[in-house]
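Enquirer: Here it is: the structure, laid out below.
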Amino acid sequence: MRVDLITIFPEYFAPLKLSLFGKAQESGLVEVEIHDLRKFTQDKHKTVDDAPYGGGPGMVMSPVVWGEAIDSVLKNAPGKPLLVVPTPSGRVFNQEMAIKLASFDHLVFINGRYEGIDSRVVEHYQQSGEFSEVLEISIGDYVLAGGEVASLVILEATSRLINGVLGNEDSVSDDSFAPGSMQNLLEGPIFTRPASWRGLEVPEVLSSGDHAKIAQWQKDEAIKRTSKFRPDLKA
Ligand code: 6GU
């Protein structure tokens, strides 16, 4: 998979060099390019924003600058990428969307700051046909200062689903939220040695060797945890 990220803060993406995603880049499974939006400005002050039409607080990012930056990424794209637009006004990200994103060969993330990007940018690339799809994605009901952290979240959830990135392919199908695993239940508690730690014991059933009984216990615990924290998930 190829990933292009456009941002005014390229340093925000330093964590992509680490851990699974770093290894996926070294092994060639993922190829990442980070583009500095300010390189596509025309003026001496490298301006990327302007006052909002209609008034109100804050600044809006210029469609002119974004258009130049996105066209430049498209110029080097072999096919039709997916355009990801992180925004608190988008569709809320979930595991199903991560699975969909992982099926694309090329993702382009445009990271807005301030009050956001002029809405004609999304409209234009929805109409131009240069992207296979344009997805406006929120990572939850709270407001971040910009799209960069959201892009990292979306990328981490997506890249670990690419074959070969995770290492242990079993852990994907066992995930909380993974379709067809524990059907929308949160994962229950997990333990390792020692059997006794600070007066807390590992539940005896887990050392019983009775695999059916263990599976039933794990499912019961998952149901308990789901009712407590995510009653909305109860099927
Ligand atoms: Cl994707 N961006 C910003 N700025 N805030 C958010 C968000 C995205 N998702 C939730 N809050």
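The values are calculated or read from the model by the stated rules, or taken from the named source; none is laboratory data. Bear in mind the structure is a predicted one, so any value in this text is a computation, not a measurement. No Cβ is skipped: glycine too gets one built from the backbone with ideal geometry, and neighbour counts run over all protein chains shown. Accessible surface areas use protein heavy atoms only, side chains included; no ligands, DNA or RNA. Shrake-Rupley method; radii C 1.70, N 1.55, O 1.52, S 1.80 Å.
Enquirer: For the subset of region 85-101 comprising residues that are of a type in the set (A, V, I, L, M) and open to solvent by 40 Å² or more (accessible area, probe 1.4 Å), which member is nearest to the ligand (Cβ to nearest atom)?
Expert: Filtering region 85-101 for residues that are of a type in the set (A, V, I, L, M) and open to solvent by 40 Å² or more (accessible area, probe 1.4 Å), the one nearest to the ligand (Cβ to nearest atom) comes out as 92.
Enquirer: From the residues in region 124-150 that are more than 8 Å from the ligand (Cβ to nearest atom) and open to solvent by less than 10 Å² (accessible area, probe 1.4 Å), which one is nearest to the chain's Cα centre (by Cα)?
Expert: 148
Enquirer: Give 90, 56, 79 a once-over and let me know the one that is more than 23 Å from residue 3 (Cβ to Cβ) and in the same structural domain as residue 132 (by TED's automatic domain parsing).
Expert: Checking each option against the conditions leaves just 56.
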